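The values are calculated or read from the model by the stated rules, or taken from the named source; none is laboratory data. Predicted, not measured: the structure shown is a model, and the values here were computed from it. Cβ placement follows ideal geometry from the backbone for every residue including glycine, while neighbour counts extend to all protein chains displayed. The protein model used for the area step is the full one, side chains on, heavy atoms only, and it has no ligands, DNA or RNA in it. Shrake-Rupley method; radii C 1.70, N 1.55, O 1.52, S 1.80 Å.
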Amino acid sequence: MVRPSDSGAWLQNRSVLVFDGTGDVFDYAVKKWQEISGTAIRDKGRFTVALSGGATPVNLYRQLAGCSSYPWDKTHIFLVDERFVPFDHPESNYRMLRNTLLSNVGIAEGNVHPIPADAENSEAAAREYERDLKRLFSLTAGQFPGFDLILLGIGEDGHTASLFPGTSSLAENKRLAVAVRSEAVAYERISITFPVINSGENVVFLATGRNKATVVKKILAEKNSSLPAGRVQPASGALLFLLDKDSGAHLAGSELRSRIA
Ligand code: 6PG
């Protein structure tokens, strides 16, 4: 049973739902995925989704793998970011996604779009990924893909995807994907950019656990737009934060109900 707490509030195109149990967050995320994909497939004949790495969404991917009779043949899966490591490396986001979801649902290879971490270097990987995006979304120069759903996580330092504080990736406004080097992490990264994220039709943040409470407060209550995750504001799409009571612990009902500037 999904039970959003009373502090859930709909604000313009942003909504924040705080759930009592962590499991409720994932149940709701599955429901949201089914609702968004159902609409996309009905209206456009396919569903395009960009998925986050990290530890938080692992349970969501496992749960999705258990959904019977889901139309995987009409679903195109991208990643929001990747570590520049081999596909079988323990830190590979693709590996995590393959183990939790892809290899359990029999999705066709042509429907999965990993970030090519086997390219010569991270910059070449970003360029190649950009070409894949342009091809699938039939984009011309200057256009950005309108993903039906973009799933994001939040780092304790406020990063999202692999857009880290203090890196030049934050200022990127033309490219679809970039290579990112940050002292904060061990491996080079490849990440989709803000213009891609903010062109999404539905952008969903998943954050659970007490260690995310401070950063969540900075983004939602203090509206700190200097943090990368605070700069996610879809132009016309919907923005949804799915939190458990631990990550949402520092949010007061009144703060949630205030409007975003
Ligand atoms: C990654 C990410 C990254 C992640 C956050 C939160 O590849 O690591 O996409 O942005 O979502 O770092 O990570 P956790 O879910 O592990 O806390």
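Quick notes on this one:
- Residue match in the range 193-216 (condition: of a type in the set (S, T, Y), on the phi < 0 side of the Ramachandran plot and in contact with a Phe, Trp or Tyr (Cβ under 6 Å, 6 or more places away or on another chain)): yes
- If you go through the range 138-158 and keep only what is within 16 Å of the ligand (Cβ to nearest atom) and either among the β-branched types (V, I, T) or touching a strand residue (DSSP E or B) at 6+ places or on another chain (Cβ under 9 Å) (or both), you end up with F147, L149, I150, L151, L152, G153, I154.
- Within the range 41-75, being open to solvent by less than 60 Å² (accessible area, probe 1.4 Å), of a type outside the set (A, V, I, L, M) and under 30 Å from S182 (Cα atoms) holds for T48, S52, G53, G54, T56, P57, Y61.
- Flag for R210 being more than 13 Å from the chain's Cα centre (by Cα), within 13 Å of the ligand (Cβ to nearest atom) and open to solvent by 10 Å² or more (accessible area, probe 1.4 Å): yes
Each row is one residue, and each column tells you yes or no for (1) in contact with an Asp or Glu (Cβ under 9 Å, 6 or more places away or on another chain); (2) under 28 Å from T75 (Cα atoms); (3) crowded, with 19+ Cβ neighbours inside 10 Å.
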| site | (1), (2), (3) |
| --- | --- |
| G153 | no, yes, yes |
| G166 | yes, no, no |
| L206 | no, yes, yes |
| N224 | no, no, no |
| G237 | yes, yes, yes |
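- Count - residues of the range 76-98 that are closer than 20 Å to A108 by Cα and open to solvent by 10 Å² or more (accessible area, probe 1.4 Å): 7
- Subset of the range 179-192 [surrounded by fewer than 24 Cβ atoms within 10 Å (Cβ to Cβ) and in contact (Cβ under 8 Å) with a residue 12 or more places away in the chain]: A179, R181, S182, A184, V185, A186, Y187, E188
- The sole residue among T48, T56 that is at pLDDT 95 or above, among the hydroxyl-bearing types (S, T, Y) and away from the ligand (no atom under 16 Å from the Cβ) is T48.
- Hits in the range 103-115 - residues which are in contact with a strand residue (DSSP E or B) (Cβ under 6 Å, 6 or more places away or on another chain) and more than 16 Å from the ligand (Cβ to nearest atom): N111, V112
- Residues of the range 77-99 satisfying the condition of being more than 13 Å from the ligand (Cβ to nearest atom) and either modelled with pLDDT under 95 or within 16 Å of L64 (Cα to Cα) (or both): I77, R98, N99
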